[in-house]
1. How do the pairs read when you match residues in the range 12-27 that are closer than 11 Å to L66 by Cβ and in contact (Cβ under 8 Å) with a residue 60 or more places away in the chain with residues anywhere that are assigned to a helix (DSSP H, G or I) and not polar (S, T, N, Q), using Cβ under 7 Å and keeping only pairs 6 or more apart or on different chains?
2. Are any of the residues in the range 18-33 β-branched (V, I, T) and modelled with pLDDT under 95?
3. From the residues in the range 39-57 that are in contact with a strand residue (DSSP E or B) (Cβ under 9 Å, 6 or more places away or on another chain) and not aliphatic (A, V, I, L, M), which one is surrounded by the fewest Cβ atoms within 10 Å (Cβ to Cβ)?
Amino acid sequence: METRIALIGIIVEDLSSVGRLNALLHEYAQYIIGRMGLPYHQKQVSIISVVLDAPGDVISSLSGKLGMIPGVSIKTICSKVSGV
């Protein structure tokens, strides 16, 4: 199955959504290469970057589900190179 590398940038403005966000990331854990989170206390937000190696439909599915969580903003960047 062909996969792509993707980076999902996440900003959490409603910290009550963190549980739902973490549960969703756990559901897709098999595709996650790495994850980094930074709490920005001055602005009361959390900034998270998630790197995936996954099929395009999986990347789209996760991005869509993350974007539907209230208080969460996301952007996804995919590599132009695909591989097996």
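1. V12/V18; V12/L21
2. There is at least one residue in the range 18-33 that is β-branched (V, I, T) and modelled with pLDDT under 95.
3. Here the answer is Y40.
Table: residues versus (1) in a strand (DSSP E or B); (2) surrounded by 18 or more Cβ atoms within 10 Å (Cβ to Cβ); (3) touching a Ser or Thr at 6+ places or on another chain (Cβ under 8 Å).
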| position | (1), (2), (3) |
| --- | --- |
| L7 | yes, no, yes |
| N22 | no, no, no |
| G37 | yes, no, yes |
| I59 | no, yes, yes |
| P70 | no, no, yes |
| I77 | yes, no, no |
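The values are calculated or read from the model by the stated rules, or taken from the named source; none is laboratory data. This one's a predicted model, so the numbers in the text were calculated from it and none came from an experiment. Glycine also receives a Cβ, built like all others from the backbone with ideal geometry; neighbour counts cover every protein chain displayed.
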